Amino acid sequence: MISEEEARARILDTIKPLPERAVPLAQALGCFAAQGYFARLPLHVFDNSAMDGYAVVARACKKRARLRVTGEQPAGRDRQLRVSPGEAVRIFTGAPMPAGADAIVMQEDVTRDGDEIVINVDVDLGDFVRRRGCDLAEGQRILAKGERLRAATIALLASQGIGDLTVGGEVNAAIISTGDELVKAGEKLEPGEIYESNSALLNALLQRCGVAVNLVEHCRDERESLREAIKRGMKNHILIISGGVSVGEHDLVKDALRELGAEVDIWRVAIKPGKPFLFGRMQQSKPSPQSSQRSARSRSREADTKARSKGAVASSGCCFIFGLPGNPVSAFVTFLQFVRPAILKMMGAINLDLPQLPARLTVDLTNEGDRAHYIRGKLEHGKFSPVGRQESHALFGLSQSNAFLRLGLGQSFRADEIVDVQIWD
Ligand code: AMP
Ligand code: MG
């Protein structure tokens with residue numbers, strides 16, 4: 001058994017980011033920038049009005065001043081108007097400031113009288129003018145390499161006229177759930193059987209990371225069918241196998257992987273829940289000399305098939321295999337602590353950690369065991385309280401939780417202490 005820190009470090013040392021790719025901005029949500037982006041335009045792009053009103057010269061605009069309206073500037077093409085003292089230009093939100101104007105009077109603050117207006121307020125220099133570059137300077141960084149594309153960042157890039165951008169690669173995945181006792185939704189439960197829930201859990205977690213799930217299979221605890229399922233799953237960047245990684249006679253995953261030629265780098269980690277966690281990899285075989293002598297026609301047919309099987313790994317690629325314990329909470333914890341950071345690294349992210357927040361603990365907690373313990377609980381109004389049974393099968397408690405508190409070996413916390421919790425919702 002190795003420590004959780006060592007397991008994570010070994011996984012992240014093994015995994016490398018996928019090659020970057022160009023995507024249209026509209027498909028970039030949740031991706032990670034493969035390079036830094038810098039403003040090529042200031043924001044605002046030009047001085048403009050923040051209100052519907054009148055563009056004026058502030059110093060010639062005392063309360064009760066009467067001004068002649070000499071033109072109109074809507075948002076859109078600059079009409080190159082000019083304002084002199086004693087004049088005003090009718091203007092609308094987002095319209096370019098006429099030359100000479102240095103303030104806007106809101107339309108609510110004037111009385112219109114034919115071609116003239118009377119100002120009903122004191123006007124100060126710069127009132128309701130949005131200055132060129134006041135929000136963002138040309139050359140300022142707008143997105144760092146490895147940063148996640150969020151809705152607002154996408155809007156900012158769009159405001160720069162950027163239509164495509166370079167992001168980290170897309171990860172694709174297969175999920176295999178194992179166990180003779182497992183039954184699919186819609187089928188009848190016989191005595192001793194349970195409904196299979198881990199593939200739904202893992203599918204949801206993978207989707208939240210932005211992973212394309214290409215294959216979801218259930219497999220009985222049977223050597224041959226497990227080997228066949230694994231072979232199919234290994235055509236993806238990552239393969240997640242749930243169950244069958246523990247020490248019982250029906251836990252066949254480790255042997256099946258080895259029989260297929262996969263390397264098992266990690267098995268059993270000092271984490272609670274989740275001890276039987278496994279990490280391995282399978283180098284996809286390089287094309288053999290024989291295959292390179294095949295006719296150009298058969299090669300091009302193969303390339304065509306590959307191109308159609310969306311996102312399948314290149315034949316020279318590597319599939320990373322995560323064996324998660326079958327107990328649902330163990331699968332959840334090990335996914336978030338080991339699989340998620342690995343996926344994020346493949347996708348080109350810089351920050352691989354779950355977000356953390358400080359919280360006031362509501363109870364005393366001590367870890368007397370020999371593994372780091374992830375307590376599931378609810379973070380609400382700045383307070384963290386453990387929820388439900390802290391056992392690896394307790395799916396209901398997990399479903400009511402939104403945060404982890406990690407208790408290291410021998411670590412104790414007192415009620416009312418401020419602790420850092422990891423959040424996932
Ligand atoms: P295993 O890791 O295969 O020994 O399974 C440990 C526990 O998790 C057993 O109680 C299984 O019935 C349960 N389990 C395993 N796989 C699943 C699954 N896909 N969905 C729900 N429960 C599971
Ligand atoms: Mg099992």
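Bear in mind that the values in this text are calculations on the coordinates, not laboratory data. On a predicted model such as this, the values are computed, not experimentally measured, just so you know. Ideal geometry is used to build each Cβ from the backbone, glycine not excepted, and the neighbour counts take in all protein chains shown.
Evaluate E = 1/(1 + (r/R0)^6) for LYS62 and ALA99, where r is the Cβ-Cβ distance and R0 equals 22 Å; express this FRET efficiency to the nearest 0.05.
Numbers: r = 22 Å, r/R0 = 1.00.
Result of the calculation: an efficiency of 0.50.
Expressed as an acute angle from 0 to 90° and rounded to the nearest 10, what is the orientation of the C-alpha long axis of helix 198-209 relative to the principal long axis of the chain?
For 198-209 against the chain, the angle is about 30 degrees.
Would you kindly give the portion of the calculated P(r) for the chain that falls above 28 Å, as a percent of all Cα pairs?
For the chain, the fraction of Cα-Cα distances above 28 Å is 63 percent.
Could you tell me which of the pairs LYS188/LYS272; LYS275/LYS378; LYS272/LYS345 are separated by over 27 angstrom between their Cα atoms in the structure shown?
LYS188/LYS272
Which net charge results when you count Lys and Arg as +1 and Asp and Glu as -1 among the other residues whose beta-carbon is under 14 Å from that of ALA75? Don't skip to the answer; put the middle values down first.
Numbers: positive: ARG77, ARG79, ARG90, ARG130; negative: ASP47, ASP52, GLU72, ASP78.
After counting each charged neighbour, the total is 0.
Stick to the Cα atoms of segment 43-98, pair each with every other, and give me the Kirkwood hydrodynamic radius in Å at one decimal.
When all Cα pairs of segment 43-98 are included, the Kirkwood radius is 11.4 Å.
Compute log10 of I(q)/I(0) for segment 129-209 with the Debye formula, placing one identical point scatterer on every Cα and leaving out solvent, at q = 0.11, 0.12, 0.19, 0.22 Å⁻¹, to two decimals.
Per q value, in the given order, log10 I(q)/I(0) is -0.57, -0.61, -0.94, -1.11.
Quick one: helix 296-308 against the long Cα principal axis of the chain, what's the angle to the nearest 10°, folded into 0 to 90?
70 degrees
How large is the convex hull of the Cα atoms of segment 99-146 per residue, expressed in Å³ as a whole number? Let's see the in-between values first.
Numbers: hull volume 6.5 nm³, N = 48.
Cα convex hull per residue, to the nearest whole number: 135 Å³.
Along each of the three principal axes of the Cα atoms of segment 21-173, give the extent in whole Å, ordering the values from largest to smallest.
70, 24, 23
Could you compute how fast segment 50-140 diffuses translationally, taking Rh as the Kirkwood radius over C-alpha pairs and applying Stokes-Einstein at 10 °C with viscosity 1.306 mPa s? Give it in µm² per second.
Working: Rh = 13.0 Å.
Taking Rh from Cα pairs, D becomes 122 µm²/s.
Restricting to Cα pairs below 8 Å that are 6+ residues apart, what does the relative contact order work out to for the chain? Please round to a whole percent. Spell out each step's value before the answer.
Details: 958 pairs, mean separation 68.0, N = 425.
Dividing the mean separation by the residue count of the chain yields 16 percent.
Report, in debye and to the nearest 20, how large the dipole of the chain comes out about its Cα centre when Lys and Arg carry +1 and Asp and Glu carry -1 on their Cβ.
My answer is approximately 1340 debye.
To test your reading of the geometry: what angle, between 0 and 90 degrees and rounded to tens, separates the Cα axis of helix 223-233 from the longest principal axis of the chain?
So the inclination is approximately 20 degrees.
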